[in-house]
1. When the C-alpha atoms of segment A:242-389 are aligned to their principal axes, what extent does each axis show, in angstrom, from largest down?
2. Looking at the protein assembly as shown only, what percent of DSSP beta bridges run antiparallel? Nearest 5 please.
3. Counting alpha carbon pairs within less than 8 Å and at least 6 residues apart, what relative contact order, in whole percent, applies to segment A:132-237?
4. 5 Å is the cut-off here: which amide hydrogens, built 1.01 Å from N in the peptide plane, fall below it relative to residue A:152, excluding neighbours closer than 5 in sequence?
5. Output the relative contact order of chain A, whole-number percent, from Cα pairs under 8 angstrom with separation of 6+ residues.
6. Using only Cα atoms, what Kirkwood radius does chain B have, in angstroms?
7. How big is segment A:321-386 on each of its three principal axes, counting only the C-alpha atoms and giving the largest first in Å?
8. I need the phi-derived Karplus couplings for segment B:93-104: 6.51 cos²θ - 1.76 cosθ + 1.60, θ = phi - 60°, integer Hz, Gly and Pro marked x.
Amino acid sequence: MFFENVDFSGLELPPAALRLREEVRAFLKAEVAAGTFIPHLGHTEFDADFTRRVAERGWIGMTWPRAYGGQERSYLERFVVTEEMLAAAAPCAAHWFGDRQTGPSLLRYGSEHLKNKYLPVIARGECYFALGMSEPNSGSDLASVRTRAERVPGGWRVTGQKVWTSWAHKAHAFFVLCRTVPDIGKRHDGLSQLIVELDAPGVTVRPIRFMNGHHHFNEVFLDNVFIPDDMVVGEAGQGWKQITSELAFERSGPERYMTTFALLVELTRRLGQAPDERAQEMVGRLTARLWTLRRMSLAIALTLEPASADGGAIDLATEAALVKDMGTFYEREITDAARLLTVVEPTPDATDSFERYLAETIVFAPISTIRGGTTQVLRTLIARRLLGSLK
Amino acid sequence: MNVPDEARLMLVESATRLFTDHVDQKMLDAAKHDGWSQKLWQVLEQAELPRVSIPEELGGAGGTLSDAAAVLRVAGRYCAPVPLAETGMLAGWMLACSGLAVPRGPLAVGPVHDETLTARKDGGRWIISGKLARVPWARMAGRLVLLARDGDRDLVASVDPAQCKITPGRNLDDEPRDEVVLEDVVLPDADAAPAGAGVTREMLCYRGALARSIAMAGALERALELSVAYAQQRVQFGRKIGQFQAIQQELARFAGEVAAAVAAALSTAGVLERHAVGKAGHEDVMLAVATAKIRVAQAAHEGALIAHQVHGAIGVTDEYALHHSTLRLWAWREEFGNEAKWAMALGRAIHARGAGELWATLTKN
Ligand SMILES: Cc1cc2nc3c(=O)[nH]c(=O)nc-3n(C[C@H](O)[C@H](O)[C@H](O)COP(=O)(O)OP(=O)(O)OC[C@H]3O[C@@H](n4cnc5c(N)ncnc54)[C@H](O)[C@@H]3O)c2cc1C
């Protein structure tokens, strides 16, 4: 029914990926020892210096062609880097969208000009991207976006408002989903993806504070911003197809079940070597769930691996939605277990890692089931595949 | 690409065809009275399915443990009322590893609980004694394949059930779970051998828990299939109930649980296979088996109740097929350790290794 023809009995990473894991661990260990970053949970932190050091290792855009600054390494190696970064709660926000979204989209749909302009600088950790999809009246129902681009000589004039744009205040540019043809009923047609540089005239970025005061996301106003033709990603009017085609990788990655993992490690440490049976049982359950989620995520990565070059022979988008749905709920279970097994009043500025992580994961608990497709929307998608169209 | 090899796909295909042809609800209802289906057993045996993963030179059909797991998953899906796992993955494995031929016919295995059988040598024969609770399929078995204690070593014994006192018992869906008493049962030397490499009480329990996990994954798949089909067809308020978002959300959650169960169970079979060739350690096996039994039991808990909820009242009747799957799920989750027992074992192991090792443990292949 799901995961048809996926082999769970193998799931072994190739030697190159295992060697890479050791390199990444050594790198992160040295970073932690040098105190270059303070790990935080919730949304990954933005740290341009860290991003540049990761880039020096060749770990940003590592699957991309060398011609565009990549390393031509496998998706499995990227999987390993991602999960190691998450396990260490490393600050990856500066390169996150570029590495996961911008790069693959440009490689697939971008012109030679765009690929040359952006991919090498993203891979060097010098250029940061954000994602402009959501709008005040378009959340889950993305096809209803109202930001519109009007044809002018040599390009487009874009007007509209984006919200929840993570790190727009630090990024150089962002992908903007907008309407280039008026909606005349076929709502998935006529959408386009453009690249807008955030310092372009007519762009205004305003913070939206998170409930704990953090400045993470923004609203971005676009007022008649001129976008030259060569900043359109792919074909004008094909934006919808483009944004939906990468979902299998996007939704099934370790970031969908590992954002609270560091708390589980600290919980285990705090409970000590021989905790009571209740603690043993809870930690046992959490471990089993994590192991299983990782196997599913890895199975998707391994199955898509060689197909990724030719555009994905097996469609695992619904399986990815399953992983995201279960993974995001799993993350909260860690938080709850940590609360229930210890006596700690959550304090945001705690110096003790366990206590800080606990406070952070409580405050950020709502986000992972909202962003990247809400629970309800994912489940509707999964049900559609189960039930077919019912009339 | 990460897809099963041709041979396994063909095996699954032929097993599926065979079960589709020979298992239906009438047969399952009848099996409740007899405790099993002789006819189905014969068909399976002809197709050599109970002996997958046993080496051919010892009377098996060859193939890997993952091949056997693939067949068992299909059997679980069809609620096949026969000792498929017991015969191959458990008894057959014990015999083959200990250099004993695997006889034809259904086999039972023990002990499956904490009891100990004692064995002592008496000239050219063995004398075996002890009492075993809830041995699956004992009264149907051609032989009881038992692990007995002889001083400080284990003996694998192939015992004729006629020599034992067997009191029938049953599980929730009337599968045989019998009490077996051995009072100084005399066994010729040829029917026993020192337990072969890797054959221990502990490993029997691991393989038993794995076998139940795999069959449960299959049973969950069937319960989901029935629920989806029902939601596509049952009409209330003028609409198919599958059109209601509340039902859709539950089915989607159910599908996630089923996928997790399949992933955990089949991955674990892979770990045991790697263990057999020295690519995974003993504790890796324990961690994987614990994971499978915990995760699958959780899925069984969630899934069975969602299946019934989606079905409304019809689902709880004995005339509708769903109960064959759900009763088995509720029975099997307790066998070879329930999720609480395994979670404690797993948690204990994780804590003993220490927090610093948790990530390394999870990422070890
Ligand atoms: C931390 C964070 C960072 C983000 N970063 C970005 C970013 O960088 N760029 C960007 O473009 N967006 C970003 N987002 C926005 C995110 O993509 C949206 O929040 C998401 O798509 C949901 O939209 P919404 O918040 O408007 O909720 P809505 O779509 O209004 O949903 C509200 C509720 O209604 C439910 N609902 C909606 N439709 C249905 C339906 N058909 N059936 C059943 N229930 C339904 C939802 O599940 C939810 O429970 C971010 C969000 C968060 C929380």
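The values are calculated or read from the model by the stated rules, or taken from the named source; none is laboratory data. Being a predicted model, the structure only gives us computed values, none of them experimental. Here the Cβ is made from the backbone with ideal geometry for all residues, glycine too, and neighbour counts use every protein chain on show. These area figures cover heavy atoms from the full protein model, side chains too; ligands, DNA and RNA do not enter into them. Shrake-Rupley method; radii C 1.70, N 1.55, O 1.52, S 1.80 Å.
1. Largest first, segment A:242-389 extends 50, 30, 27 Å along its Cα principal axes.
2. Roughly 85 percent of the DSSP beta bridges within the protein assembly as shown come out antiparallel.
3. Rounded, it is 31 percent for segment A:132-237.
4. A:157
5. Relative contact order here is 16 percent.
6. In chain B this quantity evaluates to 21.2 Å.
7. Here the Cα extents, ordered largest to smallest, are 46, 20, 13 Å.
8. These are the phi-based 3J(HN,Hα) values: 4, 4, 5, 4, 5, 9, x, 9, 5, 9, x, 6 Hz.
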